[in-house]
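Accompanying notes for the structure given below.
The values are calculated or read from the model by the stated rules, or taken from the named source; none is laboratory data. This is a predicted model, so every value here is computed, not measured. Backbone-built Cβ (ideal geometry, glycine too); neighbour counts: all protein chains shown.
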Amino acid sequence: MKPNLEIRYAHTAEEAIALQKEGYEPIECCFGDQSVVGPLVMDHHGKHSHLLGVAVRSYQTHYGNCRESPRFVTCGGADEDACFAIAALAGELPHPRRILEFANASAEVRSTMTRYLLPLAELINQADTEPIGLNLADTEDGQLILLWHQMCSSHHDAAAFYSGVDRWRLLTEQPPNALLAAVKKQEELRVQLANQASAERISTIVTCVWAVTDDFGFDVWYSRYGPCILARKPSGRVSIGVRDKKTAEQLFRPGGLQNVYHCLAPSGWGGREAIGGSPRGAALTREQTLAAGLTVASKVVGNMVV
C-alpha cells in the first residue's frame with residue numbers, strides 16, 4: 001500500500017466532522033441519521049441512500065482522486081464496499097488508467113493491473129443493498145467477495161480498515177485458486193446452517209417480523225420466515241433488514257425503514273430503506289432485540305401477505 005495512506009477512525013460524528021475539516025475524506029461515516037461527507041459524498045445511507053454505493057462511484061467516477069493525499073476517516077465495521085472505495089480512491093486497485101504506470105511491465109502483469117473491475121464493484125454494491133436471490137458462489141467476482149469476507153476482521157478500528165484495503169489489493173491482483181475453492185464450500189455450509197436455524201434462536205414477533213440470535217443468514221431467512229428480520233450478533237450489534245426496498249416501502253410507507261429507525265431504542269439506529277442497524281458501539285441483549293422487534297412490528301402499515 002502507499003506509504004502515505006492514512007485512515008483515521010471516528011467514534012462520533014463530531015470527530016468525523018473535525019477530521020473532514022482537516023482534509024480527510026469521510027467514507028461511509030454514518031452515525032444514526034447523521035452522515036458526515038466530504039467533497040466526494042462517499043456515503044449511501046440516510047439522506048444519501050438514493051446514491052449508488054461507494055464501491056461503484058469511487059471506482060467508476062473518482063478512481064485515484066485521492067492518490068496524492070490518501071487520507072480518509074471511517075467509522076463502524078470495515079465492510080467490503082468501504083474498503084474497496086478507499087482502495088479505489090487511493091489508486092491501489094487494477095484499472096485501465098494505470099496503463100502508463102505498467103507500460104514497461106510484462107504483458108501478463110500489464111493485463112492484470114489494468115483490468116476493469118467495475119463489474120466487481122457493482123456486485124459489491126448489489127450484495128450490500130439487494131442481496132436476495134444473489135448467489136455469490138456462482139461467479140468468480142462473487143467468490144472474491146466471499147473470500148474477502150472469510151478473511152475480514154470483526155474489530156471496529158483503523159487497523160481493520162487498513163487490512164481490508166490491502167486485502168482488496170491482493171485479491172484483485174492474483175486471487176489464490178485453492179482459497180476460492182475453499183470459500184465455495186464454506187458458503188454452502190453457511191446456507192445449510194441458516195436453513196437449520198432452531199426454534200430456540202428464532203422468535204416470531206408478528207407474521208412478517210422475526211428476530212434471530214445469529215447474523216449469518218438473511219438471504220436464507222427472508223424466504224424461509226418472513227420479509228423483515230432483526231438479527232443479533234454475539235457482540236450485541238443488531239442488524240435489521242427487509243428483503244428489498246419495494247417490500248420495505250409496502251410495510252413501512254415510502255422511505256421504508258427510514259420511518260422506523262428514530263423510534264427504536266437505544267437512540268442512534270440508522271441505515272438505508274431496507275437495511276440498517278443498532279447504534280455504533282451499543283451492545284444489545286436478546287431482550288432488547290425482541291423489544292426492538294415489537295417496535296418495528298408496531299410500525300407496519302401495509303397489508304402484505306407473507
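Among the residues of region 1-31, which ones are out of contact with any helix residue (DSSP H, G or I) (no Cβ under 7 Å at 6 or more places or on another chain), under 19 Å from Ser267 (Cα atoms) and modelled with pLDDT under 95?
Selection gives His11, Thr12, Ala13.
Can you pull out every residue in region 218-255 that is in contact with a Phe, Trp or Tyr (Cβ under 8 Å, 6 or more places away or on another chain) and of a type in the set (D, E, K, R)?
Matches in region 218-255: Arg243 only.
Restricting to region 249-268, count the residues that are closer than 30 Å to His155 by Cα and either touching a residue at least 24 places away in the same chain (Cβ under 8 Å) or assigned to a loop (DSSP other than H, G, I, E, B) (or both). Even if it seems obvious, please write down each step before you answer.
From region 249-268, those closer than 30 Å to His155 by Cα are 256-268; that's our starting set.
Checking the rest, the ones that are also either touching a residue at least 24 places away in the same chain (Cβ under 8 Å) or assigned to a loop (DSSP other than H, G, I, E, B) (or both) come to 258-268.
The qualifying residues number 11.
Here is a check on your reading of the model: is Phe72 at pLDDT 95 or above and either among the aromatic types (Phe, Trp, Tyr) or out of contact with any Leu (no Cβ under 9 Å at 6 or more places or on another chain) (or both)?
yes
Kindly indicate which of Leu117, Leu144, Leu136, Leu170 is in the same structural domain as Leu89 (by TED's automatic domain parsing), closer than 17 Å to Leu89 by Cα and crowded, with 19+ Cβ neighbours inside 10 Å. Explain how you work it out, then say what you get.
Numbers: Leu144 fails: closer than 17 Å to Leu89 by Cα; Leu136 fails: closer than 17 Å to Leu89 by Cα; Leu170 fails: crowded, with 19+ Cβ neighbours inside 10 Å.
After applying the criteria, what remains is Leu117.
Check region 216-232 and report whether any residue there is part of a loop (DSSP other than H, G, I, E, B), under 22 Å from His50 (Cβ atoms) and out of contact with any Cys (no Cβ under 8 Å at 6 or more places or on another chain).
Looking for residues that are part of a loop (DSSP other than H, G, I, E, B), under 22 Å from His50 (Cβ atoms) and out of contact with any Cys (no Cβ under 8 Å at 6 or more places or on another chain), one finds none in region 216-232, hence no.
When you go through Thr207, Thr213, Thr129 one by one, which is the residue that is modelled with pLDDT under 90, assigned by TED's automatic domain parsing to the domain that holds Lys233 and within 30 Å of Thr12 (Cβ to Cβ)?
Thr213 is the lone residue from the list that is modelled with pLDDT under 90, assigned by TED's automatic domain parsing to the domain that holds Lys233 and within 30 Å of Thr12 (Cβ to Cβ).
Filter region 114-135 for residues that are within 18 Å of Glu273 (Cβ to Cβ) and either in contact with a Cys (Cβ under 7 Å, 6 or more places away or on another chain) or part of a helix (DSSP H, G or I) (or both) and give the result.
Those that are within 18 Å of Glu273 (Cβ to Cβ) and either in contact with a Cys (Cβ under 7 Å, 6 or more places away or on another chain) or part of a helix (DSSP H, G or I) (or both): Asn125, Gln126, Ala127, Asp128, Thr129.
Give all pairs with beta carbons closer than 8 Å in which a residue from region 132-157 that is touching a residue at least 40 places away in the same chain (Cβ under 8 Å) meets a residue that is among the aromatic types (Phe, Trp, Tyr); count only pairs at least 6 apart in sequence or on separate chains.
Final answer for the pair search is Ile132/Tyr222; Trp148/Trp168; His156/Tyr9; Asp157/Tyr9.
Tell me, yes or no, whether region 152-160 has at least one residue that is of a type in the set (Ser, Thr, Tyr), in a helix (DSSP H, G or I) and surrounded by 15 or more Cβ atoms within 10 Å (Cβ to Cβ).
no
Determine, yes or no, whether Cys66 is within 26 Å of Gly236 (Cβ to Cβ) and modelled with pLDDT of 95 or more.
no
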